[in-house]
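The values are calculated or read from the model by the stated rules, or taken from the named source; none is laboratory data. Quick caveat: nothing in here was measured; it's all calculated off a predicted structure. All Cβ positions, even for glycine, are placed from backbone atoms using ideal geometry, and neighbour counts span all protein chains on display. Only protein heavy atoms, including side chains, enter the accessible area calculation; ligands, DNA and RNA are left aside. Shrake-Rupley method; radii C 1.70, N 1.55, O 1.52, S 1.80 Å.
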Amino acid sequence: MNGLDIGWWGVPIAIIGGAIRVSTPFIFVSLGECLTERSGRINLGLEGTLVFGAMAGYAVAFHTGSPWAGVAAAALAGMMFGLLHGWLCSLPKVNDIAVGIALMLFGTGIAFFFGKPYIQPVAPDLPAIPLGWWTDIPQLEAALRVNVLFVVGAILAFAMAWMFKATRIGLIVRVVGDSTDAARAMGLDPNWVRLWSTAAGGALAGIGGAYLSLYYPGSWNEGISSGQGLMAVALVIFARWNPINCLWAALLFGGAGALGPALQSVGVSEGYYLFFAAPYVLTLGLLVATSSPTQAISGAPGELSITK
Amino acid sequence: MIDDRQFNRRGFLKSGASLVGLAAAGSLLPLSAARAAPLTVGFIYVGAKDDFGYNQAHAEGAAALKAIEGVTLVEEENVPETVDVQKTMESMINFDGASLIFPTSFGYFDPHILAMAPKYPDVRFQHAGGMWSADKHPMNVGSYFGYIGMGQYLNGIAAGHATKTKKIGFVAAKPIPQVLLNINSFLLGARSVDPTITCQVIFTGEWSMAVKEAEAVNALADQGADVVTCHVDGPKVVMETGAGRGMFLCGYHASQASLAPDKYLTGAEWNWAQVYTEMVNTTLSGGTIPNFVRGGLAQGFIKMSPLGPAVSAEARTQFEATQAEIMKGGFAAIKGPLKDNKGNVIATEGQSFAEDDVALESMDYLVEGVVGSIS
């Protein structure tokens with residue numbers, strides 16, 4: 001079998017492949033946001049961090065020739081944005097949502113500004129692990145070409161869930177997120193915890209950006225993000241602040257995003273705008289299905305400004 | 001506040017010095033103005049100026065204007081096809097004094113240029129794309145475009161020789177006439193090599209949507225397409241993803257050969273520098289730019305990327321023969337007998353639509369052999 005004509009099998013393969021390829025930025029940004037929100041703050045600026053991380057990662061990878069240096073630079077830049085957000089929000093009477101929106105615009109703006117000279121050059125890509133070596137269907141093999149960052153992201157989701165559940169750090173973050181007063185009574189400094197939770201969240205979002213520019217689609221341009229950073233923030237609420245659910249939600253979004261092109265490629269081409277809306281329709285549907293008129297959002301950290 | 005208004009010695013000296021400077025500059029001004037009436041030209045791009053594609057092609061054309069004496073160039077990029085472009089046009093007119101404006105994106109025309117043109121009758125608006133018509137639209141609006149569909153026909157010839165699976169792919173942004181003509185021409189070029197070839201088209205719905213373009217290329221590769229071209233603003237992602245999947249590439253807008261030299265067959269490129277220089281020279285010499293400007297390979301509006309190493313000798317021969325044919329002008333890619341992919345007759349035996357036929361500018365069909373639908 002030369003595997004050339006796979007017909008309708010192309011759709012599930014594209015959804016699996018799309019889930020793996022497209023979901024990684026969602027995983028990183030939503031895990032970052034999950035950590036930040038569990039500490040009691042919302043950072044809406046992660047879209048800006050993602051775009052800036054994409055630019056910084058691409059630029060550093062181009063100059064050093066090492067994509068991993070790019071990832072490190074993106075994480076560092078993301079951490080800086082997180083620290084800025086955390087520091088601004090620790091000042092009295094500062095609203096975290098407003099600061100987030102400001103930082104989103106700021107991050108995108110300076111990424112465009114510094115990114116100008118990097119639209120043209122070609123930077124080295126991150127390596128992929130060929131998990132499809134066992135199959136002789138080239139389509140499946142291509143779909144199972146998995147990037148290292150995807151694996152890291154998946155492991156990180158489980159690690160973060162374990163951290164929240166079983167470690168001292170996780171407990172501290174949760175206490176600060178659920179009750180500032182209780183945290184103070186325990187002798188913790190809520191601002192300090194939130195500062196570093198936001199910084200770590202920013203670093204993760206930066207890595208998500210580096211994945212965009214260094215692996216898939218694999219080049220820096222100003223339209224690279226198309227709102228993934230914002231969608232990932234919404235994913236966290238959808239995932240009920242649970243890191244493992246964040247992973248599933250990200251995979252679902254990635255797979256649903258691949259549906260539109262895949263259906264067109266097998267000849268279902270009427271109404272493709274509708275298929276492109278699939279991820280959003282799916283989110284709305286799931287949110288409606290899991291909502292409850294009688295109780296507040298379950299799993300929400302108590303100190304979160306949107307649930308107060 | 002009162003302090004600020006009072007004279008102080010240093011401030012007085014400073015403003016005095018700048019006044020002297022202004023006077024000196026002013027005395028020189030009439031001299032240079034006498035040589036050529038100064039003209040401020042505004043360019044508006046929907047994306048980045050260096051996107052390896054549509055906007056870069058226009059920006060390179062605009063850059064050529066800097067060499068003309070008396071021309072000041074103002075540019076703004078990343079201007080969405082919304083009321084934002086009206087603000088940009090107004091600020092170019094009122095603050096920069098632009099009297100010739102090139103809003104280069106298709107979606108700028110209606111309603112944005114149409115709102116600005118009656119308001120500023122002394123400003124000339126030149127829109128890239130085929131929307132203007134004499135009986136409906138203001139006379140200070142012009143339309144210009146090139147027959148780049150013929151370039152896609154030549155792309156199709158190169159693709160037709162390169163494909164082994166007899167399936168070629170096209171990543172398209174939106175189903176507007178220019179895009180449809182490119183898709184149809186690409187397939188018909190390939191079918192001039194082998195009439196069994198089909199072309200799979202995927203619409204992304206946006207001019208620039210990196211992740212969706214990459215997904216589209218992957219979906220095409222999964223379905224067995226082995227040559228890909230596109231009509232999106234920045235073809236870089238399509239080319240890089242296609243090369244990654246081992247597909248041959250046909251470029252669009254500008255040359256993307258440097259991205260994957262082994263896989264790049266050829267490409268249809270714009271050549272705006274010549275067009276813009278001519279338009280600006282017409283304006284400077286007091287003339288009026290015609291409202292309807294068109295041109296193709298023969299007029300130097302478009303050009304082809306040099307053929308890549310993967311192009312066979314046989315392909316080269318047919319490519320060059322057809323190119324010579326197109327250079328004579330009046331070439332028809334759409335000619336009968338031809339049906340669309342729903343079975344409706346487009347052209348009967350002997351009927352043909354030459355490259356300069358305005359009927360092509362309202363194309364609303366995909367020809368037989370194209371797999372896809374426009375809605």
Could you please let me know if B:Ser143 is within 20 Å of B:Glu269 (Cα to Cα), away from chain A (no Cβ under 14 Å) and among the polar types (S, T, N, Q)? yes
Looking only at residues that are farther than 21 Å from B:Ser192 by Cβ and part of a loop (DSSP other than H, G, I, E, B) in the range B:339-375, which one is most open to solvent (accessible area, probe 1.4 Å)? B:Lys342
Tell me which residues, restricted to the range B:206-215, are farther than 24 Å from B:Ser362 by Cα and either open to solvent by 10 Å² or more (accessible area, probe 1.4 Å) or over 22 Å from the mean Cα position of the chain (by Cα) (or both). B:Met209, B:Val211, B:Lys212, B:Glu215
Among the candidates A:Ile13, A:Ile42, which residue alone is within 14 Å of another protein chain (Cβ to nearest Cβ) and touching a helix residue (DSSP H, G or I) at 6+ places or on another chain (Cβ under 8 Å)? A:Ile13
Taking A:Leu304, is it more than 13 Å from chain B (Cβ to nearest Cβ), in contact with a helix residue (DSSP H, G or I) (Cβ under 8 Å, 6 or more places away or on another chain), under 30 Å from A:Pro190 (Cβ atoms) and surrounded by 14 or more Cβ atoms within 10 Å (Cβ to Cβ)? yes
Pairs please, first residue from the range B:283-304 and basic (Lys, Arg), second anywhere and assigned to a strand (DSSP E or B), Cβ atoms under 9 Å, 6+ apart in sequence or on different chains. B:Arg294/B:Ser143; B:Arg294/B:Tyr144; B:Arg294/B:Phe145; B:Arg294/B:Gly146; B:Lys303/B:Ala268; B:Lys303/B:Glu269; B:Lys303/B:Trp270
Is there a residue in the range B:191-205 that is β-branched (Val, Ile, Thr), assigned to a helix (DSSP H, G or I) and open to solvent by less than 20 Å² (accessible area, probe 1.4 Å)? no
Being touching a strand residue (DSSP E or B) at 6+ places or on another chain (Cβ under 6 Å), hydroxyl-bearing (Ser, Thr, Tyr) and without any contact (Cβ under 8 Å) to a residue 60 or more places away in the chain, is that true of even one residue in the range B:83-94? yes
Test each condition in (1) in contact (Cβ under 8 Å) with a residue 60 or more places away in the chain; (2) more than 26 Å from B:Gly251 (Cα to Cα); (3) part of a loop (DSSP other than H, G, I, E, B) for B:Val41 and report the one that comes out false. (3)
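Being at the interface with chain B (Cβ under 9 Å from one of its Cβ atoms), without any contact (Cβ under 8 Å) to a residue 24 or more places away in the chain and not polar (S, T, N, Q) is the filter; apply it to the range A:241-267 and report the residue that is most open to solvent (accessible area, probe 1.4 Å).
A:Gly267
Looking at A:Ala61, A:Ala73, A:Ala19, which one is under 22 Å from A:Leu214 (Cα atoms) and within 14 Å of chain B (Cβ to nearest Cβ)?
A:Ala19
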Would you pick out the residues in the range B:225-243 that are without any contact (Cβ under 8 Å) to a residue 24 or more places away in the chain and either within 8 Å of chain A (Cβ to nearest Cβ) or open to solvent by less than 10 Å² (accessible area, probe 1.4 Å) (or both)? B:Glu240
Mind listing just one residue for me: the one in the range B:164-173 that is within 10 Å of another protein chain (Cβ to nearest Cβ) and assigned to a loop (DSSP other than H, G, I, E, B) and, of those, least open to solvent (accessible area, probe 1.4 Å)? B:Thr165
May I ask you to say which residue of B:Leu249, B:Leu180 is free of Cβ contacts under 8 Å to residues at least 24 places away in the same chain, open to solvent by less than 10 Å² (accessible area, probe 1.4 Å) and either touching a Phe, Trp or Tyr at 6+ places or on another chain (Cβ under 8 Å) or more than 9 Å from chain A (Cβ to nearest Cβ) (or both)? B:Leu249
Residue under evaluation B:Asp222, criteria (1) modelled with pLDDT under 90; (2) more than 7 Å from chain A (Cβ to nearest Cβ); (3) in contact with a helix residue (DSSP H, G or I) (Cβ under 7 Å, 6 or more places away or on another chain), criterion not met: (2)
Exactly one condition in (1) in contact with a Lys or Arg (Cβ under 9 Å, 6 or more places away or on another chain); (2) touching a residue at least 40 places away in the same chain (Cβ under 8 Å) is false for B:Ala64; which is it? (1)
Out of the range A:119-158, which residues are modelled with pLDDT of 90 or more, exposed (fewer than 13 other Cβ atoms within 10 Å of the Cβ) and not β-branched (Val, Ile, Thr)? A:Phe158
Matching residues in the range B:78-122 - criterion: being surrounded by 19 or more Cβ atoms within 10 Å (Cβ to Cβ), within 20 Å of the chain's Cα centre (by Cα) and not in a helix (DSSP H, G or I): B:Val79, B:Leu100, B:Ile101, B:Phe102, B:Pro103, B:Thr104, B:Ser105
